Amino acid sequence: MNENAHAEELNESCDCGCGHDHHHGEPCECGHDHHGDSCGCGHEHHHHDDSCGCGCGCEDMPQLGLAQLVGVEGEPVYTLAEIFSLLEDEEVKLAIESYDPSEDEDLGLDELSREELIARAVEVMSSPDIHVMNLRSLQSDMREDYLWIVEEGVYECSEDAAAARLEFLLTAEDEEEVANMVREIERAATIEALAGEMIVFPFLHDGLITFVMPNEIREACKSIATEEFLTYVSEVEQVIAYIDAATNLYGVIAVEDLIDLIAAYEPDMSATDAAAHVVEILEVDRLWPHSVENGFVSHELFRDGTGLGEQMAYELLSVASNTPRYQPDRDTFLSYANPDFDEENFEADLLFELLVDLFPEYDDPEAAYQVVQFVQQCARQGMRNEIIVESMFEDMLPQPLANEGQASLLIKQIAKLVHTSRTWALSGHTPEEAENLK
């Protein structure tokens, strides 16, 4: 979905759920972050596909940045004391400040000698506690790479090899080979991300970049990465996907209903475990706007600091209760964890074809596809047809329509797509499906 598209004010609410007049996608006076995608990079939240250097999961993960890293010149060393002895004092202080569990603002680092500073850094970075959050917060592929370097200890890559990978992707045709190379690039990106977090350290020697995970960190990680812990982490990750999917599909869901839904889809996960995971996630994850005490979990569009979003979420919950909840098969449901996902829709295909036909400027099909996604997302949030049409005509089309006939065709097709798009107020059903439920 093009999340920067705006619905113009029509002297009434934009229908996004906040209850205020404003441009959809922009902040209004209620303090909503409409379409807010900021991550905060605190390891306490979850986005969906890519990741930034902190390993949190946002969309800024470098894919081939190994050649850009500035590492320690010389042969690798493998203990924290040896590594910190090669770094400047400010870098050693940064490691301590990033991971020291003390809540004191002044850690007194300026008063320490260099030897004391290094000893403090070794002590802090050797603690298993600081690595628990890393393993819990990473997405599954990144966690797999994290555990891989825990076992291997080092990862080597040359600048030429990084460039060769990119060239391979541009020319390769075998799907399996491409998939393997993409996975290797993802691993390289994870290693680089860990270097940014001072979990691994890069050394430049003989044309190679060697990333070293210090022995103390490896041992700390091995001590916590038990089968029981990794099962727990996997279950929490699964529950996060269910929370994402439920809020994207329904807008808001009562916590008890969310737990029942997870238990229905995951027979191997007990309702007790599911409930515990949900409670834990909602209590510690600042991305979610409402705690368990409020009784429900809602989409980020309802997040504000005034209580208005909570009120609108309650109202949506009340309206949606009049329609039985739509529950597709498990794989389809979990696909809704991706905020841009929509099920196959014939009317969406027809709108796409109409856009491409009316506007030859859409030489890139992705641009027309984004318009279709925009309509479906607006319909899901309950925006009225006339607001969707006005926003689309004013902000999203490459040029004005040639005549009223073209406009009429487009408006009718938008109406058909809205009628067959999933809607929060109908508990995830489409208006067409809801009519057949009566």
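Quick notes on this structure:
- Rounded to whole numbers, the Karplus 3J(HN,Hα) couplings from phi for segment 362-375 are 6, 5, 9, x, 4, 5, 5, 5, 5, 5, 4, 4, 4, 4 Hz, using 6.51 cos²θ - 1.76 cosθ + 1.60 with θ = phi - 60°, and x at Gly and Pro.
- Rounded FRET efficiency, nearest 0.05, which uses the C-beta distance separating Asp329 from Glu116 and R0 of 51 Å: 0.30
- Estimated D of segment 227-335 in µm² per second, where Rh is the Kirkwood radius over Cα pairs and Stokes-Einstein applies at 37 °C, 0.692 mPa s: 230 µm²/s
- The packing ranking, built from the mean of other Cβ atoms within 10 Å per residue, places the peptides 360-368, 92-100, 178-186 in the order 92-100, 178-186, 360-368, highest first.
- Net length gained if the chain between Glu151 and Ser98 were fully extended (0.36 nm per residue, minus Cα distance): 16.7 nm
- Long-range amide H partners of Ile209 with built H, under 5 Å: Cys157, Ser158, Glu159
- Cα centroid separation - segment 352-375 against segment 195-260, whole Å: 37 Å
- Estimated distance in nm for a label pair at Thr171 and Phe341, the labels positioned 7 Å out from Cα along Cα-to-Cβ: 3.7 nm
- Working note: Karplus 6.51/-1.76/1.60 with θ = phi - 60° gives segment 423-432 the couplings 9, 4, 5, 10, 6, x, 6, 8, x, 5 Hz, where Gly and Pro are set to x.
- Note that segment 115-121 has calculated 3J(HN,Hα) couplings of 5, 5, 5, 5, 4, 5, 5 Hz, one per residue in order, obtained from phi through the Karplus relation 6.51 cos²θ - 1.76 cosθ + 1.60 (θ = phi - 60°); glycine and proline are x.
- Contour excess over end-to-end distance, with Cα ends at Leu409 and Met269 and 0.36 nm allotted per residue: 45.5 nm
- About the Cα centre, charge dipole magnitude for segment 107-169 (Lys/Arg +1, Asp/Glu -1 at Cβ), debye: 240 debye
- Given +1 at the Cβ of Lys and Arg, -1 at the Cβ of Asp and Glu and no other charges, the dipole of segment 227-335 around its Cα centre is 480 debye to the nearest 20.
Values in this text are rule-based calculations from the coordinates and carry no lab data. Model, not experiment: these values are computed from the prediction. Using ideal geometry, Cβ is built from the backbone for each residue, glycine included, and neighbour counts are taken over all protein chains shown.
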